[in-house]
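Everything on this sheet refers to the single structure shown next.
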Amino acid sequence: MIYTGSETAPIASYVTIKGGYIDAVGTGPFDLDTVDQASGFDGDIILLDDGQVAYPGFTDAHAHLIGIGQRELTLNLEGTASIAELKQRIAAEAEGKAEGEVIFGRGWIETGWPEGRFPTRDDLDAAAPDNPVVLVRADGHASVANTAALDAAGITDATPDPDGGRIERDANGRATGMLIDTADRPVRALIDEPSEAERREALKKGAEVYASYGWTGLHNMSVDIRDAQIIGALEEAGEMPIRVYNAINPGDMDALIETGIWELNDGKVTTRAVKFYVDGALGSRGAALHEPYTDQPETSGLLLLTPEEAMAGYRQAYDNSIQVTTHAIGDRGNTLVLDWYEDVLPVERLSYDEGPRWRVEHAQIVDPADIPRFAGLGIIASMQPSHAIGDLHFAPARLGEDRLDGAYAWRSLSDSGAIIAGGSDAPVERGDPMIEFYATVARRDLSGYRGENWHPDEALSRGEALDMFTINPAFASFNEDRLGTLEPGKKADITVLDGDIMTVPSGDLPGVKAVMTIVDGEIVYEAMAE
């Protein structure tokens, strides 16, 4: 079976491909002689096994390609279940390190740990007293460092909080080792800058992993311009299996303006967007809220962008036809970004039809009054459903019950007319498209738990979920005419799964796996037969 994503012919029995494009879509029995006469078909025949189902290529609308590769190549702390296990993994890593050599890892998240707290410098000291240790939280917006790392970075109990960051301290004013947002920059600077060869290896590895998950493309966020160039070189060398749409860092915007927006091989690699940050993450209490955090009322989060910086950057991007995306998680962060977008964009461009397709990345906690503004201003909500099923374990404590009304509000946004582009935020999350699809339609964690007042009414239908990861990311990257559905004339990007995600029980969705990934009509991943 083939789901085309097309409203006119949603289910097909076969597609034919010519020159990397969909040539024909058929709903009846496949007859090679008939197809050959009609379209000049001369390609290979790919037959799907029983139970295998094809879909328009899945695109992750928000991920970090180099981080995905680095996760696979460094100390990966995903799945760490406790501080005790974290210490064990650090100690094991230290055994292979020389004294004084930095230990770097990422991917831990304290949600669900029996200790019920962040790790501290003392925890890390006990595991590796002779090495600086820097461990980045899964969200990328906080790190924990041991005493050796704090000393090497010059962070003391008396060090003031930097702009846009916070040094966590205990009741006696001692730095705990937890560093929020910009506060962790000094310890991250202890980590050797990857060489070009190492960056190339990580980018290639990340793309290979993503192809194996069934993604045919991703929107690559917060990209160093050097990495965009390496991705281009990999594509030119035939070593980039998936489609990549780059959103560069603001500091590289002048370089992009100088070269101009560019794409390679008919859009296989495109660089035309810039990504800003207005706030931090909810888990580390860096997301900017209108009111204080319920579980830590002395803070309302952090702002990482001033109005002056936003106006200057946004106007520069608009004047040079560069798409703007802005990370906004808290309700205050989202309000500010919508306000700033409205101030910068001409009135006649505040719509999806005529607008520049600017985006808000995450849009996790939104004031209900701001929900209709997304469609009203022509702003795309780029959201990652797995955040909701991970955050449900701590978001009620952070926000209180009242603010859950605008939390991860996919249904409310969709019903208001907003376009939602679905992603994963890997390596913050695993990056598995089936986990994202499951989260969208089930709104439960992987154990089936939902929790009180977690608004099951904000879940979406399976058809809407399919759009979130196919045609909507295509629209969000100006590619709806060549990607997002399986129709004649569009790119032959196809995801083949071992199950029918439109009909299987929702609890079975996370177990569905990719068996084949096709990009530009070429098989870039095929699962080994068991």
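Does segment 453-498 hold any residues that are in contact (Cβ under 8 Å) with a residue 12 or more places away in the chain and acidic (Asp, Glu), and which are they?
Step one: of segment 453-498, the residues in contact (Cβ under 8 Å) with a residue 12 or more places away in the chain are 453-479, 482-498.
Asp457, Glu458, Glu464, Asp467, Glu487, Asp493, Asp498 - these are the residues of segment 453-498 that are in contact (Cβ under 8 Å) with a residue 12 or more places away in the chain and acidic (Asp, Glu).
Out of the residues in segment 115-136 meeting the condition of being part of a loop (DSSP other than H, G, I, E, B) and within 28 Å of the chain's Cα centre (by Cα), tell me which one is nearest to Ala175 (Cα to Cα).
Here is the first cut: in segment 115-136, the ones part of a loop (DSSP other than H, G, I, E, B) are 115-120, 128-132.
Among the residues that remain, those that are also within 28 Å of the chain's Cα centre (by Cα) are: 116-120.
Details: Gly116: 19, Arg117: 15, Phe118: 13, Pro119: 12, Thr120: 9 Å.
The extreme case among them is Thr120.
Of all residues in segment 232-247, which are under 18 Å from Pro473 (Cβ atoms) and either touching a helix residue (DSSP H, G or I) at 6+ places or on another chain (Cβ under 6 Å) or surrounded by fewer than 23 Cβ atoms within 10 Å (Cβ to Cβ) (or both)?
Initially, segment 232-247 is screened for residues under 18 Å from Pro473 (Cβ atoms), giving 240-247.
Within segment 232-247, Met240, Pro241, Ile242, Val244, Asn246 meet the criteria.
Scan segment 88-104 and give yes if some residue there is touching a residue at least 60 places away in the same chain (Cβ under 8 Å), outside the structural domain of Gly423 (by TED's automatic domain parsing) and buried (at least 18 other Cβ atoms within 10 Å of the Cβ), otherwise no. Give the derivation first.
Filtering segment 88-104 for residues touching a residue at least 60 places away in the same chain (Cβ under 8 Å) gives 102, 104.
When the remaining residues are screened for being outside the structural domain of Gly423 (by TED's automatic domain parsing), the result is 102, 104.
Filter once more, keeping what is buried (at least 18 other Cβ atoms within 10 Å of the Cβ): 104.
Checking segment 88-104: at least one residue is touching a residue at least 60 places away in the same chain (Cβ under 8 Å), outside the structural domain of Gly423 (by TED's automatic domain parsing) and buried (at least 18 other Cβ atoms within 10 Å of the Cβ).
Can Asp163 be described as modelled with pLDDT under 95, of a type in the set (Asp, Glu), assigned by TED's automatic domain parsing to the domain that holds Thr111 and buried (at least 19 other Cβ atoms within 10 Å of the Cβ)? Let's see the steps before the verdict.
Working: modelled with pLDDT under 95: yes; of a type in the set (Asp, Glu): yes; assigned by TED's automatic domain parsing to the domain that holds Thr111: yes; buried (at least 19 other Cβ atoms within 10 Å of the Cβ): no.
It is false that Asp163 is modelled with pLDDT under 95, of a type in the set (Asp, Glu), assigned by TED's automatic domain parsing to the domain that holds Thr111 and buried (at least 19 other Cβ atoms within 10 Å of the Cβ).
For segment 174-197, what are the residues that are free of Cβ contacts under 8 Å to residues at least 40 places away in the same chain and in a helix (DSSP H, G or I)?
Ala183, Arg185, Pro186, Glu196, Ala197
Can you tell me how many residues in segment 319-376 are of a type outside the set (D, E, K, R), outside any helix (DSSP H, G or I) and either touching a strand residue (DSSP E or B) at 6+ places or on another chain (Cβ under 7 Å) or surrounded by fewer than 24 Cβ atoms within 10 Å (Cβ to Cβ) (or both)? Don't jump to the end; show me each part of the working.
First pass over segment 319-376, keeping only residues of a type outside the set (D, E, K, R): 320-330, 333-338, 340-341, 344-347, 350-352, 355-356, 358, 360, 362-366, 368-369, 371-372, 374-376.
Retained after the next criterion (residues that are outside any helix (DSSP H, G or I)): 320-330, 345-346, 350-352, 355-356, 358, 360, 362-366.
Then drop every residue that is not either touching a strand residue (DSSP E or B) at 6+ places or on another chain (Cβ under 7 Å) or surrounded by fewer than 24 Cβ atoms within 10 Å (Cβ to Cβ) (or both), which leaves 320-330, 345-346, 350-352, 355-356, 358, 360, 362-365.
Result for segment 319-376: 24.
Every residue in segment 137-163 that is part of a loop (DSSP other than H, G, I, E, B) and either among the hydrophobic types (A, V, I, L, M, F, W, C) or farther than 26 Å from Arg71 by Cα (or both), please. Talk me through it step by step, then tell me what you get.
Going residue by residue through segment 137-163, those that are part of a loop (DSSP other than H, G, I, E, B) are 138-141, 146, 154-163.
Selection gives Ala138, Gly154, Ile155, Thr156, Asp157, Ala158, Thr159, Pro160, Asp161, Pro162, Asp163.
Starting from residues that are part of a loop (DSSP other than H, G, I, E, B) and either of a type in the set (Asp, Glu) or surrounded by 16 or more Cβ atoms within 10 Å (Cβ to Cβ) (or both), keep the ones in segment 21-45 and report whichever is modelled with the highest pLDDT. Spell out the reasoning first.
Within segment 21-45, the subset part of a loop (DSSP other than H, G, I, E, B) is 27-31, 40-45.
Then drop every residue that is not either of a type in the set (Asp, Glu) or surrounded by 16 or more Cβ atoms within 10 Å (Cβ to Cβ) (or both), which leaves 31, 41-42, 44.
On the way: Asp31: 71, Phe41: 54, Asp42: 54, Asp44: 62.
Among those that are part of a loop (DSSP other than H, G, I, E, B) and either of a type in the set (Asp, Glu) or surrounded by 16 or more Cβ atoms within 10 Å (Cβ to Cβ) (or both), it is Asp31.
Could you check how many residues of segment 361-410 are in contact (Cβ under 8 Å) with a residue 60 or more places away in the chain and of a type in the set (Phe, Trp, Tyr)?
Qualifying residue count, segment 361-410: 1.
Name the single residue that is farthest from Asn472 (Cα to Cα) among those in segment 46-91 being acidic (Asp, Glu) and at pLDDT 95 or above.
Glu85
The values are calculated or read from the model by the stated rules, or taken from the named source; none is laboratory data. Note that the structure is a prediction, hence the values are computed from the model and not measured. Positions of Cβ are generated from backbone atoms using ideal geometry, with glycine treated the same way; all protein chains shown enter the neighbour counts.
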